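Notes follow the structure.
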Amino acid sequence: MEWVSGLLASEPSSSNFFTYIFISLPLLSVVLGFVTYAILAERKVLGYIQLRYGPNRTGGKFGLLQTVADVLKLLIKEDTRPKQADRPLFWLAPIIAFVPSFMVLSAIPFTESVVFANFGVGLLYFIAVSGLTTIGILTAGWASNNKYALMGGMRSAAQMISYEIPLLMSLVGVVLFSGSMNLIEIVEQQQYVPYILVQPIGFIIFVIAATAELNRIPFDLPEAESELIAGYHVEYSGFRFAFFMLAEYVYLFAMSALITVLFLGGWQPIPGLGFIPDFVWFAIKFSIVVYMFMWIRATWPRLRADQLMEFGWKILLPAAMANIFLSAIVKELFF
Amino acid sequence: MDSLHVYQNSYTMIVVFMVIAFMLPIVALTAGKLLRPNEPTKAKMKIYESGVEPFQDARVRFNVRYYLFALMFVLFDVETVFLYPWAVAYDHLGIFALIEMLIFIVVLFLGLVYAWKKGVLKWT
């Protein structure tokens, strides 16, 4: 994989463009594989936490082919579209929701050599592009011409913009300590001490805000099935629905990878265990984060809409501001 | 020269990711179109409303509080973006910039308290 980073330094040309497509396609398949098995793993984990088995028929004892079967079923399912829906927007919404979720992955450094894009504003790029998904969800809600969908879309927009600010602010502490927004440099700075130890408050705020950004329980109000049926994708069926699902899980991938990179030290090994290859370290830390999200989902009940918004603005935001302060003062005094 | 190449290649990479991200849904949805049945009936094309006959257009005027939160978001988001250059250059700026930023965050916080007291943050 050494030549990947070598390729980044080579002279830009149109042949590079096609080489990039070639080296990005494996990532796409890794991500799709992750989504397939993350859904299965989530159902299994939830099953065992709730004292049942989860999928255990399709594909052997562990239900290994369950998601594959689900995807195939979605692929050959009839795609109904309401007559009153706004046709072009209805068609565009899943694409708008999915595209940014995959685009953000280009900024994530997976190991020292598997780096796709290496640029100074990596962190801001990630946050900015991931914010675009809100537009896709809002479009879906609006285009469906369905009351549940519109409410789900509006709630989702309100929630995502409210939690975007604590999300951004909790990262200022990390940037403060690393002195860079380049994700590769941030990882390199964590060679001895991962930032979770330096920025514990920032980490907690970031995880809470990320859960809200991912629309996961306890913050899954946009698709709260007990009140909104399925929220913004009520009217979607077949493969269009699958793309909303896909976007959700690709975001889970991206957010977990970002948490790994920012707070857990990315590919850096625990000192003394450097003989284990770096991608294994990344995978271990990444899996722990993904499991944590599943665990949170299984443990907490859903919040009410008013609790959700007030928690974001009245508790998380001041806490994030205080954290910036605290980090600046700690850095001034001790570093 | 090397760093310029990294810079240009990185942004090419983003374009590549964008192209792939657009291609996947287009290819998959086109493949789906060839595979799936398509027999629309009048009942299928109705809007779902828990079994009740749908009435009125769903695109109504919406509660104003969403708009207020959107305004708050714009304010705070822009202000947060100002924090980033400071955080990146913190080592070179030193104590003076720290105090300046302190004042800035306090002003930000006062804005939040003002909105809070005005009842903007109340959802119900």
key: Failed criterion for residue A:176 (all others in (1) closer than 30 Å to residue A:282 by Cα; (2) at pLDDT below 85; (3) more than 22 Å from the chain's Cα centre (by Cα); (4) among the aliphatic types (A, V, I, L, M) hold)   = (2)
key: Residue among B:46, B:33 that alone is of a type in the set (D, E, K, R) and under 17 Å from residue A:83 (Cα atoms)   = B:46
query = Yes or no: residue B:46 surrounded by fewer than 17 Cβ atoms within 10 Å (Cβ to Cβ), within 7 Å of chain A (Cβ to nearest Cβ) and part of a loop (DSSP other than H, G, I, E, B)?
reply = yes
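One line per residue, one yes/no per condition, for (1) more than 30 Å from residue A:322 (Cβ to Cβ); (2) more than 7 Å from chain A (Cβ to nearest Cβ); (3) surrounded by 10 or more Cβ atoms within 10 Å (Cβ to Cβ); (4) at pLDDT 85 or above:
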position	(1), (2), (3), (4)
B:52	yes, yes, no, no
B:72	no, yes, yes, yes
B:91	no, no, yes, no
B:96	no, yes, no, no
B:104	no, yes, yes, yes
B:110	no, yes, yes, yes
B:124	no, no, no, no
message = So in the stretch A:193-238, with the set limited to residues that are polar (S, T, N, Q) and not in a helix (DSSP H, G or I), which one is surrounded by the fewest Cβ atoms within 10 Å (Cβ to Cβ)?
response = A:237
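Quick grid of which residues meet (1) within 11 Å of another protein chain (Cβ to nearest Cβ); (2) under 25 Å from residue A:304 (Cα atoms); (3) part of a helix (DSSP H, G or I):
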| position | (1), (2), (3) |
| --- | --- |
| A:79 | yes, no, no |
| A:84 | yes, no, no |
| A:94 | yes, no, yes |
| A:101 | yes, no, yes |
| A:125 | yes, no, yes |
| A:145 | yes, yes, no |
| A:158 | yes, yes, yes |
request  = Go over the candidates B:70, B:31 one by one and state the one that is in a helix (DSSP H, G or I) and within 30 Å of residue A:73 (Cα to Cα).
outcome  = B:31
task = Would you be able to say whether some residue in the stretch A:108-122 is of a type in the set (S, T, N, Q), within 8 Å of chain B (Cβ to nearest Cβ) and outside any helix (DSSP H, G or I)?
result = yes
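Rundown of residues vs (1) free of Cβ contacts under 8 Å to residues at least 12 places away in the same chain; (2) surrounded by 10 or more Cβ atoms within 10 Å (Cβ to Cβ); (3) closer than 17 Å to residue A:101 by Cα, yes/no style:
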| site | (1), (2), (3) |
| --- | --- |
| B:4 | yes, yes, no |
| B:8 | yes, yes, no |
| B:15 | yes, yes, yes |
| B:18 | yes, yes, yes |
| B:22 | yes, yes, yes |
| B:25 | yes, yes, yes |
| B:28 | yes, yes, yes |
| B:32 | yes, yes, no |
| B:39 | yes, no, no |
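The values are calculated or read from the model by the stated rules, or taken from the named source; none is laboratory data. Treat the numbers as computed from the prediction; the structure is a model and nothing was measured. Note that each Cβ is placed from the backbone with ideal geometry, even for glycine, and that neighbours are counted across all protein chains shown.
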